[in-house]
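*Asks:* One structure, as structure tokens, below. Some questions next.
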Amino acid sequence: MEGTAVRGRLTWQVATVSQLIDETPSVRTIVLQVPDWAGHRAGQHLDVRLTAEDGYSAERSYSIASAPGEPVAITVERLDDGEVSPYLTGELQVGDELELRGPIGGYFVWDADHDRGPLMLLAGGSGIAPLRSILRQREHSGSMVPTRLVYSSRSLPDVIYRGELDRCDGGVEVIYTLTRQQPPGWSGHAGRVDAALLAEATWPASQDPIAFVCGPTSFVETVAEGLVGLGYPARRVKTERFGATGGPGGPDGGT
Amino acid sequence: MEALDGNAIGGLLQEVFGTEMTNATGMCGTCGAAGPVAECVVYLRAPGTVVRCRNCGYVLMVFVKVRDMNCVDLRGLATLGRG
């Protein structure tokens, strides 16, 4: 493990929690110090392994929420019946160690210098995490690619990274839709993302946009079908499904 | 159990194949549909990990871990490769 990792081979290593950020009452960002990190691309994820004293272990995948070059961070949503997320969001402390491997994935990734088409980001709930990495990477790289984010949340307090998203400018447009509860005087969208909202909020297919869709499986299926219906070629719609709610490694509050 | 997609097994695939595979192209041996592994339908605890074709639903790959050894069944795939 110590600097001897074979290129391309994934090895488990021990990271140290350097910071914990409460994003919403049920969502926490965990910033990690990873001694032997090869560097990641925007949109990739990592696997976390927790091992109990009796040897039982559970693995989950979590999208990397930070941009390439930033300290590795994951954003975890607490699911009360999960095996892993209650520990990560409730008990984990700064200074604790966490076993992980990564970065993982080469499909759901965005490279600023490779793709110049307008960027269409669509997130459901904690599916925002890898898209936040893409947004930050876009900013850090000085990319001017026109970008829209459609972000579906249950309610305004459930919006993850809200302060950061509200400050987006320089060619990034953020469109919220709140599915369960809207605050008084809410002028944004209400309800689930549907064909009408997609038609209104997405880049026209004629501009050759590239779309990244991330969230619960049902959200991703609806959105991906809708985009293809609007003329997006399937190869320009990149998807990542979290299950009912959870991470790419299964329903346990991941992102 | 809810279906995920091939992104969910990026780590497992890298463990088995020794390289990034979610961006590889798999062709279904049953219906002939081809697409990125990331877009396949994945059930994580089926038991074992079951990967199905998004077009026809047929089983493409099965992974079962037995005493730390990955047992891999790729019979449902016609081809698996880059590009």
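*Asks:* In nm, what is the difference between 0.36 nm times the number of residues separating residue B:67 and residue B:2 and their Cα-Cα distance?
*Replies:* In short, 20.8 nm is gained.
*Asks:* Starting from the Cα of residue A:200, step 7 Å along the direction of its Cβ; do the same at residue A:16; then give the gap between the two resulting points in nm.
*Replies:* 5.0
*Asks:* Mind checking the angle between helix A:128-140 and chain A's longest principal axis? C-alpha axes, 0 to 90 degrees, to the nearest 10.
*Replies:* The angle comes out near 80 degrees.
*Asks:* Could I ask something else about it? How much length is gained on full extension from residue A:169 to residue A:190, taking 0.36 nm per residue of separation minus their Cα-Cα distance?
*Replies:* Value of the extension gain: 5.3 nm.
*Asks:* If you count, for every residue in A:102-112, the Cβ atoms of partner chains within 10 Å of its Cβ, what is the mean?
*Replies:* For peptide A:102-112, the averaged partner shielding equals 6.
*Asks:* To the nearest 0.05, how large is the calculated FRET efficiency for residue B:74 and residue A:91 if R₀ is 45 Å and r is the Cβ-Cβ distance?
*Replies:* Using R0 = 45 Å, I get an efficiency of 0.70.
*Asks:* Under the definition of Cα pairs under 8 Å and six or more residues apart, what whole-number percent is the relative contact order of chain A?
*Replies:* 21
*Asks:* Report the paramagnetic label zone for residue B:34: residues of segment B:40-83 whose backbone N is under 13 Å from a point 7 Å from Cα along the Cα-to-Cβ axis.
*Replies:* Counting only backbone N, you get B:78-83.
*Asks:* Another question about this same structure. Taking Cβ-Cβ under 4.7 Å as the only way to count a partner, pick out the unpartnered cysteines of the protein assembly as shown.
*Replies:* A:168, A:214, B:40, B:71
*Asks:* Which trypsin sites (Lys or Arg not before Pro) in segment A:83-181 pass both tests, a DSSP loop state and at most 10 other beta-carbon atoms within 10 Å?
*Replies:* Answer in residue order: A:167.
*Asks:* Taking 0.36 nm per residue of sequence separation and subtracting the Cα-Cα distance, how much length would be gained by fully extending the chain between residue A:50 and residue A:116, in nm to one decimal?
*Replies:* 19.8 nm
*Asks:* For segment A:10-85, what's the radius of gyration and Dmax over Cα atoms, in angstrom?
*Replies:* Spelled out, the Cα radius of gyration and Dmax of segment A:10-85 are 12.8, 37 Å.
Just so you know, all these numbers are worked out from the coordinates, no wet-lab data involved. Bear in mind the structure is a predicted one, so any value in this text is a computation, not a measurement. Cβ: placed from backbone, ideal geometry, glycine included. Neighbour counts: every protein chain shown.
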